[in-house]
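The values are calculated or read from the model by the stated rules, or taken from the named source; none is laboratory data. Here the structure is a predicted model, which means the values were calculated and not measured. All Cβ positions, even for glycine, are placed from backbone atoms using ideal geometry, and neighbour counts span all protein chains on display.
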Amino acid sequence: MTPIAKPKRRWKGKTLLIWTVVGAIAVFALLSLIADFHGLVSALENFPPHILLEVGLLALGNYLLRFIKWHWYLSSMNHRIAPGPNALVFVSAFAFTVTPAKVGEFIKAFILKARYRVPYTVSTAVLLMERFTDVLAILLLSFSGLLLGSLNPFWTGGAGALIVVFLLLVRNKKFVRAIIEWLGRFKRLRGITEDAHEFYDYGWGLMAPGIFTGSMILSLAAWFLEGFGYYLVANGLGFHLSILEGVFIYSASIMGGALTLFLGGLGATEGSLVGLGIIFGMSNSLSVAAAIIIRIMTLWLAVVIGWLAFLFTPTLRSLLGASYEDEPPTSELL
């Protein structure tokens, strides 16, 4: 008698794509309720097309700088991958940006393991350091609100002090190793102690002063570009914002969205953009129009690029249909 094959779990690529589109439509529909519909349509219709191109190029600049950081991290871990294939790995994760806390972007670790045999401890360390430096850069850019009088100096100083203390503690090997060993006393965590030590060693290497400083400069420059893009959008809609105000509104909104841990900040980020825009004097229609335009040219441009990378690259496309139990495909070239 032929045994019944056990069904295998598969990547829900099509389902994710559908829910991504539904999420986008829902958010934009809710935003349109905030604004005067005719005013919103008029603002979008009269928006200068050449600014869309400029903002799109700034977003691509953001992706390029972040890719340089990603490529540098892997090279420093002695995993040197050709820039072209590595760029495909990097941008493919954009397809999974609209996932809770962007955890879907960890698909990069799966691809690196499948195609280049990069250990998960290495790729996870790189992914977390990449995310950490991005968040830290966005937080520092949002501190520009101090110069605008939009932030409380006491709370901002406290947040800055906590960041410094956190960095010092993470760099203290004895402290971190003691915590790992303490966690290893718990039965359920005992099996991952060795991997945790290895993961920390890789992460500690990426926090070396030279690498950390360089990666922070790249991150600050990358996210400043998108903040500058928001400044261009607001002014293109006919509302005068300074560069500092534009960078603050965008960075603070991205930070607020990140704290929600919900679908890549979907909804919370747009709401923050609208709210801060209104606080700085924009009308409901203009603030909603600015939020829609900047999110299309940053978040949704990235999502489209990620899906194109998956759909038109054999190895990446096959991963969408690969079961978790199978050995990932390695025969095709990226």
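A few points about this structure:
- Against the criterion of being at pLDDT below 90 and closer than 23 Å to Met207 by Cα, Phe143 qualifies.
- Yes/no for Leu241 being closer than 30 Å to Met297 by Cβ, modelled with pLDDT of 85 or more and within 25 Å of the chain's Cα centre (by Cα): no
- Answer residue from the stretch 70-99, given it is in contact with a helix residue (DSSP H, G or I) (Cβ under 6 Å, 6 or more places away or on another chain), of a type outside the set (A, V, I, L, M) and closer than 24 Å to Gly267 by Cβ and is surrounded by the most Cβ atoms within 10 Å (Cβ to Cβ) among those: Phe94
- Condition check for Leu147: surrounded by fewer than 16 Cβ atoms within 10 Å (Cβ to Cβ), in contact with a helix residue (DSSP H, G or I) (Cβ under 8 Å, 6 or more places away or on another chain) and over 16 Å from Met216 (Cα atoms): yes
- Once the stretch 110-128 is narrowed to residues that are among the basic types (Lys, Arg) and in a helix (DSSP H, G or I), the residue that is surrounded by the most Cβ atoms within 10 Å (Cβ to Cβ) is Arg115.
- Any hit, the stretch 189-202, residues being in contact (Cβ under 8 Å) with a residue 24 or more places away in the chain, closer than 17 Å to Asp134 by Cα and surrounded by 16 or more Cβ atoms within 10 Å (Cβ to Cβ): no
This table checks each residue for (1) closer than 23 Å to Gly257 by Cα; (2) at pLDDT below 90; (3) basic (Lys, Arg).
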{"site": "Arg66", "(1), (2), (3)": "yes, no, yes"}
{"site": "Ile81", "(1), (2), (3)": "no, no, no"}
{"site": "Phe90", "(1), (2), (3)": "yes, no, no"}
{"site": "Thr97", "(1), (2), (3)": "yes, yes, no"}
{"site": "Val103", "(1), (2), (3)": "yes, yes, no"}
{"site": "Lys108", "(1), (2), (3)": "yes, yes, yes"}
{"site": "Ile111", "(1), (2), (3)": "no, yes, no"}
{"site": "Tyr120", "(1), (2), (3)": "no, yes, no"}
{"site": "Glu130", "(1), (2), (3)": "yes, no, no"}
